[in-house]
Amino acid sequence: MTIHEKGSAPAIRMFHVHKRYGKRNALVDITLDIASQEFVFVTGPSGAGKTTLLKLLHLVEPVSEGQILIDGINLSRIPSSRIPYLRRKIGIIFQDYKLISTKNVFENVALVLEVMNVKRSQIKKKVSSVLRVVGMEDRMNSFPLSLSGGEQQRVAIARAVVGDPKIILADEPTGSLDSDSANVVMGLLKGFNERGATIVVATHDHDIIRSTGARTVNLLDGRLEEPVKAEVEA
Amino acid sequence: MTIHEKGSAPAIRMFHVHKRYGKRNALVDITLDIASQEFVFVTGPSGAGKTTLLKLLHLVEPVSEGQILIDGINLSRIPSSRIPYLRRKIGIIFQDYKLISTKNVFENVALVLEVMNVKRSQIKKKVSSVLRVVGMEDRMNSFPLSLSGGEQQRVAIARAVVGDPKIILADEPTGSLDSDSANVVMGLLKGFNERGATIVVATHDHDIIRSTGARTVNLLDGRLEEPVKAEVEA
Amino acid sequence: MIFFIKRALLDIRDNRFMHLIAIITIALSVLIVSAFVLFFVNASEILNTWKQGVRVMAYLKPDVADSQVLVIKQTILGMPGVEDVVFISREEALELLKADMKRQASLFENLGENQLPDAFEIHMVASARSWGKVEILAREIESVSQIEDVEYGQKWLGRFSSIFNLFRITGFAMGALFFLAAVFIVANTIRLILYSRREEVEIMRLVGASDGFIKAPLYIEGIIQGAFGGVLGVLTLFAAYLAISANMGEGIAGTFFQLKFLSFGAWFGIIICSMFLGWLGCYLSLKQFLKA
Amino acid sequence: MIFFIKRALLDIRDNRFMHLIAIITIALSVLIVSAFVLFFVNASEILNTWKQGVRVMAYLKPDVADSQVLVIKQTILGMPGVEDVVFISREEALELLKADMKRQASLFENLGENQLPDAFEIHMVASARSWGKVEILAREIESVSQIEDVEYGQKWLGRFSSIFNLFRITGFAMGALFFLAAVFIVANTIRLILYSRREEVEIMRLVGASDGFIKAPLYIEGIIQGAFGGVLGVLTLFAAYLAISANMGEGIAGTFFQLKFLSFGAWFGIIICSMFLGWLGCYLSLKQFLKA
Ligand SMILES: Nc1ncnc2c1ncn2[C@@H]1O[C@H](COP(=O)(O)OP(=O)(O)OP(=O)(O)O)[C@@H](O)[C@H]1O
Ligand SMILES: Nc1ncnc2c1ncn2[C@@H]1O[C@H](COP(=O)(O)OP(=O)(O)OP(=O)(O)O)[C@@H](O)[C@H]1O
Ligand SMILES: [Mg+2]
Ligand SMILES: [Mg+2]
């Protein structure tokens, strides 16, 4: 494992991680370091295991084998009562958005802050400002089912970043967006990255990867396509 | 309205169609002809009204104003008991897939044929063959929630085409697909088009539009961006 | 049809959890209603056995000739509602009286002539054992010229009838209430189930399924749920009945009264009813549901 | 806490349909259980008024001096379970007897000396009016040397007790059954509701909500549902009660018996119970639910 110079300790370390769903191998022997404050793309064709990788990092699924450390904390050792606190440090954009359909846009985004016990006035301010960035400020009172696909995705993005997380996991965050909106979103993520967040984006949009020029991790059938030799930067 | 020479009568005609959700104008004064056996792209940024347009054609939503004719049938005049029969002529791929999560892949796709009263043995054959085309043949017994985003999308595509529909409406059919899979899907749609189906694809993926070179209808804030002057072909 | 039944069964497999809840709910509803009915039937039975004790005494005038007694007996037997008439001579009456009043028996020791009247004890058929009918009969018997007086324990019977009426009305009202509540609960449960499956139904419509295609298996499922629920409910009731009547047996051994269970026909009726309940639940929820 | 209550109320607004169903279900369950309890209480009341008729007669030996009567009366009054003791002299007894037996009154006309014994009529406190206790008391009284005999209508009381026991046991069993059924139905309904909201709960967990944060408003909602359901159930029962007792009034005007409704305390208790029911339903479903 090479130690990355950008940031201090790696934000995410995966050692020989396997993930099996029944007999199906979704991830095979993944060993990967992501430095603190790094920006990483995960790519690969449909079914390669991108979403699975992010789910493991967010403790949505348990690993089948191997170890994952986030900020030095071993995810297999963490007691289940601590999981919520860990998740509050991570913002996640799900491929299928996962908005609560009985709550409106504002409430969906505000939920993240309510969970953290942020004050009401504070919540209002933060939610409005983040919705403004993704261009959904005037839809605060709409319900997810009355939004277009791209609008839902933008709400999901707002929710992921509203809590100022140290790590942002984004699963195809621009899949439903036209190129202009996509650029806005990528700009937003880069801004967070510059202000210190570690960012992992799963995507199959090579235009975006090219325009960003960050490190790319390539998955194929659950395997790392080429052992990622972390290029020593600076 | 120019009469298209490819195909006989227009498969889809829209006259001054408006669609309002409450006070929000999703579509404004759309007048559009799509010839029988034509291949048309509908583009536009997030929230432009692409999905709304397809929903009107599939009778998911009623028009607020104006008339839509499909195969010469006026959609506002059709009795609700006839709607299922009209829908069986149209294959649709939803932006959010809309797979039934309690049914497995085979059952989801087979449903279209069951509804049409196709014989069991026939169903088996057709479903297998269409799943083979989209590369999901070996996942027939999986449930939608255990599929990756792209896999779900491919099942949705299989379901849309399995009934050999005369019209295929596709809403971002390649949004979750890597470029290879996307090409496979576009090839599939082109094949249907060549065998006589009318195809309408809503997408924001300009690569795909470019590679296909078909007519493009551009929406912006619910309006046709430039009155579509149908280029006389042949 | 077979296709729809197949689809219904597949559907039950796919939605086990919710079907189980529906079945349990139906079973409990059936249990409640039929337990109450059983309770009511048994309690009525008890009151009925008491009512059997109701009899009418007709006292003859002192000078009636023996030859006339049979004629009068026939007359009374011919009246509507009379089941049996027993002649009790004044001698028998005295013996009965003495037996009845052991304590005061000493009273009768230095008794002169037996001045008791001859009498008829009249038993009535079960259906005529209501206060009103007994009164009518009594008046009719009184109109026979050789009858001096008719006695039928007015007070006792009156009190009894009013209680019985009270019991019957509340019993019916409660049975109806329970039944309605059961229908509501089942309908609500099925509505909730359909609600949680509204997406599935919506998707089926979007791929061109007709309402009939969507509804048929749901109805069949409702009926199957009803059948399972009914059987389960009746079996549970039967178990409870066995437990209670075993307890009873010890408690009042050799009692005059035997707990009754429902007849086989009633079993069958309950199960049919609960199938209907499943169907009705479906019907009520689907009506509102497919509109929306 | 206020925050959680606010969230619960918002949640109820967001999920009106399902909360309405939960409330109706709870109301119906409350209705069923309390209707049955009310029925049972009233029926018991009737049986109890009959039981009040139970009395013990103690007959004195012929040669007891008047001066001793008071002493014996005090002795009996001192025995456990005795409420009141009334002395009935032989003269009074004869008058009562004659009044009792109007028909046979002619018998007493040429009666010599009054050979009836003096007696005590003993009334018992309500709690001691069971067969077993009456028997014990009777034996105790018999042991008083001046008492010749004790009579307490063994047969009548025995039959009565067995029926009363039967009634009580089935009543309790059925009340318990209904209650359990209600708990099940409510728990199932809430489970179904949570099931249809499992995605929402799952999403909340994914954005870092602790179990407490998720559960607190659900419990509060359960309790609010319970309260609404309870009030609705009791009100419906009260309406039904008014309807029935109005009917009763006509049917058996001027009857000795007055239908009772639940006391205010009982109302309150039922509502508390149904809040508990809402909570319990939540608890049972959440337990299983958050595991999965
Ligand atoms: N819950 C599950 N149960 C069983 N198999 C699963 C489950 N989730 C994912 N899989 C399988 O694991 C493999 C990897 O899935 P994953 O969702 O990680 O793919 P992906 O790289 O995100 O693909 P896409 O680009 O299509 O979203 C796929 O073959 C998928 O079918
Ligand atoms: N059910 C609805 N109720 C209210 N507003 C709606 C509803 N459906 C769509 N809209 C609004 O109508 C507009 C057009 O939506 P539509 O889904 O057609 O956009 P789209 O072109 O498909 O966008 P995308 O590329 O993001 O999917 C949007 O502003 C959307 O919020
Ligand atoms: Mg994925
Ligand atoms: Mg759309």
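Read-outs: derived from the displayed coordinates by stated rules, not from any lab. Values in this document were obtained by computation on a predicted structure and should not be read as measured data. With ideal geometry, Cβ positions are generated from the backbone for all residues, glycine too; neighbour counts draw on all protein chains shown.
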Beta bridge orientation in chain A: antiparallel %, DSSP, nearest 5: 50 percent
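What is the Cα convex hull volume of the range C:177-248 when expressed per residue in Å³? Mind showing how you got there, number by number?
Numbers: hull volume 6.7 nm³, N = 72.
Spelled out: Cα convex hull of the range C:177-248, divided by residues, is 92 Å³.
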- prompt: With each run of n ≥ 4 DSSP H residues scored as -39500 (n - 2.57), what mean residue ellipticity at 222 nm is computed for chain A after dividing by its residue count and rounding to the nearest 500 deg cm²/dmol?
  reply: -9500 deg cm²/dmol
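Going down the table (A:Lys98/B:Lys50; B:Lys98/B:Lys125; A:Lys124/B:Lys50; A:Lys103/C:Lys215; C:Lys98/D:Lys98), which pairs top 20 Å between alpha carbons? Display every interim value, and only then the final one.
On the way: A:Lys98/B:Lys50 22 Å; B:Lys98/B:Lys125 23 Å; A:Lys124/B:Lys50 32 Å; A:Lys103/C:Lys215 30 Å; C:Lys98/D:Lys98 15 Å.
Where the Cα-Cα span goes over 20 Å, the pairs concerned are A:Lys98/B:Lys50; B:Lys98/B:Lys125; A:Lys124/B:Lys50; A:Lys103/C:Lys215.
Within a 10 angstrom radius of each residue's Cβ in C:213-221, how many Cβ atoms of other chains show up on average? Whole number is fine. Don't jump to the answer; show the numbers that get you there.
Numbers: counts 5, 2, 0, 0, 0, 0, 0, 0, 0.
Mean partner shielding for this stretch: 1.
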- prompt: Separation between the C:Leu20 and C:Glu121 pseudo-spin-labels, each 7 Å from Cα along Cα→Cβ, expressed in nm?
  reply: 6.2 nm
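Using unit Cβ charges (K, R positive; D, E negative) and no other charged atoms, how large, in debye to the nearest 20, is the dipole of chain A about its Cα centre? Provide the component values of the computation, followed by the final result.
Details: 31 positive and 26 negative charges, 207 e Å.
The dipole magnitude comes to about 1000 debye.
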query: Across peptide B:88-95, how many C-beta atoms of other chains are within 10 Å of each residue C-beta, on average?
result: 3
- prompt: If Lys and Arg each add +1 and Asp and Glu each add -1, what is the summed charge of the other residues whose beta carbon sits under 10 Å from the beta carbon of B:Ser146?
  reply: +1
